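Worksheet: the structure to be examined is printed underneath.
The values are calculated or read from the model by the stated rules, or taken from the named source; none is laboratory data. Only a predicted model underlies this, so the values are computations on that prediction, with no experimental measurement involved. Glycine also receives a Cβ, built like all others from the backbone with ideal geometry; neighbour counts cover every protein chain displayed. What goes into the accessible areas is simple: the full protein's heavy atoms, side chains included, and nothing from ligands, DNA or RNA. Shrake-Rupley method; radii C 1.70, N 1.55, O 1.52, S 1.80 Å.
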Amino acid sequence: MAAAQTATIVFADVAGSTKIYELLGDQAARKIIAACLEQITATVRAFDGRVIKTIGDEVMSVFETASKAILAAVAIQENIAGNDNLAKQGIKLRIGLNHGQVIFETNDVFGDAVNLAARVAAQAKADQILTTEQTLKLVEPESIQGSRMVDKTRVKGKKQPVRLYEIFWGEIEEMTMVGGSVNSPDLVPGAEQKATLRVEFGGRFWNVDDQRPTLSIGRGESNDLVVNDRRVSRLHARIEILRQRFLIID
């Protein structure tokens, strides 16, 4: 039996592929998704990764380090977003990755780290890159623009909820912002955060500040502010403080 070793598993999945098939028809949709998967595969290899397999509209790949995996994930998102042919067809990706012990057998890879990576990818939304806290701790800071915790999820076999972090890519200015621009000259990275936003709902109050930089809102019980309404998504929105400005991320 093959010995266990550590690696980072990455799942890149075309978001909303069912709708793409409905809009374009089977042949046209299959062609555009195939082009997307080819682009993902080329990017994985460019960052010294190895494609393990393609499952429908999803690519599973493996990297030796978490830093290379995240650099590849960012490049994949940027390459797809920058491809006019794919973008105009509404192609968007969701990516999840996790680092841990795995077992390589023939042309496949197995283990708890693989299962968790798949679970992380399933939690991601279109245009998102999600990873686990344990994986993020292994990443060199200069490898990423930034990150933020977005959710806590229960995973079978894990006693404690797994913290999920979103990896920034693209332009941070694209986020919805309240209170000013992140390009304001008075904003200094690492400066002490003093601003406070008070949120009230159902007779309860929450402060968003340097002590609680993120407030998650949604139907799921793991959110800070739980809204028990069928019209509300499991993770509907987040309020965050970034460089003394508040962002609403839907």
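The table for this structure:
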read-out	value
Karplus (6.51, -1.76, 1.60) ³J(HN,Hα), θ = phi - 60°, over the range 10-27, in Hz, Gly and Pro reported as x	10, 10, 10, 10, 6, 6, x, 5, 4, 5, 4, 5, 5, 6, 9, x, 4, 5
Net dipole in debye of the chain [+1 Lys, Arg Cβ; -1 Asp, Glu Cβ; about Cα centre; nearest 20]	820 debye
Choice from Glu240, Glu22, Glu38 showing the highest fluctuation, given a GNM over the chain with Cα pairs closer than 10 Å	Glu22
Label-point gap, in nm, between Ile249 and Ile55 - each point 7 angstrom along Cα→Cβ	2.6 nm
Karplus 3J(HN,Hα) series, Hz, for the range 86-92 with 6.51 cos²θ - 1.76 cosθ + 1.60 (x for Gly, Pro)	6, 4, 5, 8, x, 6, 9
Accessible area of Arg94 in the full protein assembly, 1.4 Å probe (Å², nearest 10)	70 Å²
Residues whose placed amide H lies under 5 Å from that of Phe246, excluding near-sequence neighbours	Val178
Heavy-atom SASA rank of Trp169, Trp206 (probe 1.4 Å, accessible area, largest first)	Trp169, Trp206
Cα-Cα over 30 Å, subset of Lys31/Lys158; Lys159/Lys194; Lys19/Lys159; Lys92/Lys194; Lys92/Lys137	Lys31/Lys158; Lys159/Lys194; Lys19/Lys159; Lys92/Lys194
Tensor-based shape of the range 42-184 (alpha-carbon gyration tensor, a/c under 1.5 rounded, otherwise prolate or oblate)	oblate
The range 93-144 - charge dipole about Cα centre, Lys and Arg +1 at Cβ, Asp and Glu -1, debye rounded to 20	240 debye
Answer label, with log10 I(q)/I(0) by the Debye sum over Cα atoms at q = 0.09, 0.10, 0.17 Å⁻¹ calculated from the coordinates and candidates [x] -0.44, -0.54, -1.35; [y] -0.34, -0.42, -1.29; [z] -0.34, -0.43, -1.43	[x]
Highest-fluctuation residue, Asp209, Asp108, Asp13 considered, GNM on the chain with Cα pairs under 10 Å	Asp108
Table column - 3J(HN,Hα) (Hz), the range 95-105, Karplus curve with 6.51, -1.76, 1.60, x for Gly and Pro	10, x, 9, 7, 10, x, 7, 9, 10, 8, 9
11 Å beta-carbon shell around Gly56, net charge (K/R +1, D/E -1)	-1
Residue with peak Gaussian network fluctuation, the chain [Cα springs, cutoff 10 Å], from Leu130, Leu37, Leu197	Leu197
Estimated [θ] at 222 nm from DSSP helical runs (n ≥ 4, -39500 (n - 2.57)) normalised by residues in the chain, nearest 500	-8000 deg cm²/dmol
Straight-distance crosslink candidates among aspartates and glutamates, where the alpha carbon sits under 13 Å from Lys125 and sequence neighbours closer than 8 are dropped	Asp13, Asp151, Glu166, Asp250
